[in-house]
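What follows is a short report on a single structure.
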Amino acid sequence: MESRSTRVQGLVFGGLMAAMTVVFSLVPGLSVLMPIPLVLAYVRYGGRIAVMTATAATLFTMAFTGVVSAILAIPAGILPGLVFGMGFRRKWKPLTIGLAAVLTFFLGFALEYAVTRVVMFDGRDPFVAMLETPAVQNQVEMMAGVMEQTAAMIESAAADGAATTAQQQMAQQYRDMADLLRRDAVGLVWTLLPASLFFAGAFSSWFNYMLCRLILPRFGHPLPPSTPFAEFRLPIWVIWAYALISLAVPLLAGGDMTALPWWGKLLLNVFTPLMFILVLAGLAVAYGWMRRRGLAKGLAVLILAVAFLLLGQLGMQLLVLLAMWDTVFDVRGLGHGLWKRTEETRQREG
């Protein structure tokens, strides 16, 4: 049972961490450190002290900067700090912490969007208001013009000979995208927003995780080592999800993306991040396979970089297939997949 002295120490420590969070939120260059005090409070004294620290930090920030700024600081530092603190204290796997942090990033964006729409734009969609400004309209027109020029360049490059079907399709896609930008830029933004948020959330989660790995051990809280890149692998359900979505995407991608039903937009936005995750897993499989056969790190990275540049789109497709193959058949002999290889086989091949 928690003693009285421990509770008092927790409250004092929480107050100090709340003050640090407020200071970090007020100094632009230090705002990236906002989650760290909350992570420390959660790891050292548990969720109750961490929540009290977060509440105090929010109230003090509100007193210094106003209600809106304090609410906008919640997704920037308060929520990530609580999520990472919970994950570290409960010893979650790094992948689980990352997924929870990405989900928190989505919730934080929803909070920011709601506050911005109600307080700053009187209930109007902020994207509509921003796209109506002359500066943004000029940028949209410039982007559409670049796409049309790209389509013209593709057609001009094929003018000497008969244009292939792929070239014709690519040029038409650029023209369709330019037309879509001019006709319904807001709809296009909302169509691509989930995938964009996923990548932004993934980068934010990675950055916060690296900060925690750098800072927390200095306060006596070492973190478990993350999975080496050479051993990164995917659960089998990811392969099933990618396979099922891949069957549906060709039926949707040929039409107007902004006119798709909500489930069609959801599938398209899930497909893109999932494909890049599989590409990353494919790179890990190839890198790990080369490392297990004695290649130096620099040489393995160089081989992958050159192959990726030379093969382009084909290289991405090959990496996706490699990741799927490893997830099922355990190419590196790590003991996972539907067809796990025996320990004797892994030792003999390693």
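Here is a yes/no grid of residues against (1) open to solvent by less than 40 Å² (accessible area, probe 1.4 Å); (2) modelled with pLDDT of 85 or more; (3) over 19 Å from residue 329 (Cβ atoms); (4) in contact with a Phe, Trp or Tyr (Cβ under 9 Å, 6 or more places away or on another chain):
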| site | (1), (2), (3), (4) |
| --- | --- |
| 220 | no, yes, yes, no |
| 236 | no, no, no, no |
| 245 | yes, no, yes, yes |
| 248 | yes, no, yes, yes |
| 254 | no, no, yes, no |
| 265 | no, no, yes, yes |
| 272 | no, no, yes, yes |
| 284 | yes, yes, no, yes |
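Kindly evaluate residue 121 against the criterion of being in the same structural domain as residue 19 (by the TED database), among the aromatic types (Phe, Trp, Tyr) and more than 18 Å from the chain's Cα centre (by Cα). Spelling it out, residue 121 is indeed in the same structural domain as residue 19 (by the TED database), among the aromatic types (Phe, Trp, Tyr) and more than 18 Å from the chain's Cα centre (by Cα). Within the stretch 86-125, the only residue that satisfies the criterion of being in contact (Cβ under 8 Å) with a residue 24 or more places away in the chain and on the phi > 0 side of the Ramachandran plot is 91.
Within the stretch 311-327, identify whether any single residue is out of contact with any helix residue (DSSP H, G or I) (no Cβ under 9 Å at 6 or more places or on another chain), open to solvent by less than 40 Å² (accessible area, probe 1.4 Å) and at pLDDT below 85, and answer yes or no. Looking for residues that are out of contact with any helix residue (DSSP H, G or I) (no Cβ under 9 Å at 6 or more places or on another chain), open to solvent by less than 40 Å² (accessible area, probe 1.4 Å) and at pLDDT below 85, one finds at least one in the stretch 311-327, hence yes.
Does the stretch 35-47 contain any residue that is of a type in the set (D, E, K, R), in contact (Cβ under 8 Å) with a residue 60 or more places away in the chain and in the same structural domain as residue 87 (by the TED database)? There is at least one residue in the stretch 35-47 that is of a type in the set (D, E, K, R), in contact (Cβ under 8 Å) with a residue 60 or more places away in the chain and in the same structural domain as residue 87 (by the TED database).
Highlighted here are the helices (runs of 4 or more DSSP H) found entirely within the stretch 1-103 that include at least 2 residues which are open to solvent by less than 10 Å² (accessible area, probe 1.4 Å): 4-26, 35-45, 47-65, 79-89.
Within this structure, residue 79 fails the test of being among the aliphatic types (A, V, I, L, M) and more than 26 Å from residue 218 (Cβ to Cβ). In the stretch 133-142 there is at least one residue that is hydrophobic (A, V, I, L, M, F, W, C), surrounded by fewer than 16 Cβ atoms within 10 Å (Cβ to Cβ), outside the structural domain of residue 68 (by the TED database) and modelled with pLDDT of 85 or more.
Given the residues 19, 54, which is the only one that is modelled with pLDDT of 90 or more, out of contact with any Gly (no Cβ under 6 Å at 6 or more places or on another chain) and closer than 12 Å to residue 73 by Cα?
Exactly one residue qualifies, and that residue is 54.
The residues of the stretch 118-132 that are open to solvent by 80 Å² or more (accessible area, probe 1.4 Å) and charged (D, E, K, R), listed by number, are 122, 124, 132.
The values are calculated or read from the model by the stated rules, or taken from the named source; none is laboratory data. These numbers come from a predicted model, not from an experiment. FYI the Cβ positions are ideal-geometry reconstructions off the backbone, even for glycines, and counts take in every protein chain you see. Each accessible area value is taken on the protein alone, full model and side chains, heavy atoms only, with ligands, DNA and RNA left out. Shrake-Rupley method; radii C 1.70, N 1.55, O 1.52, S 1.80 Å.
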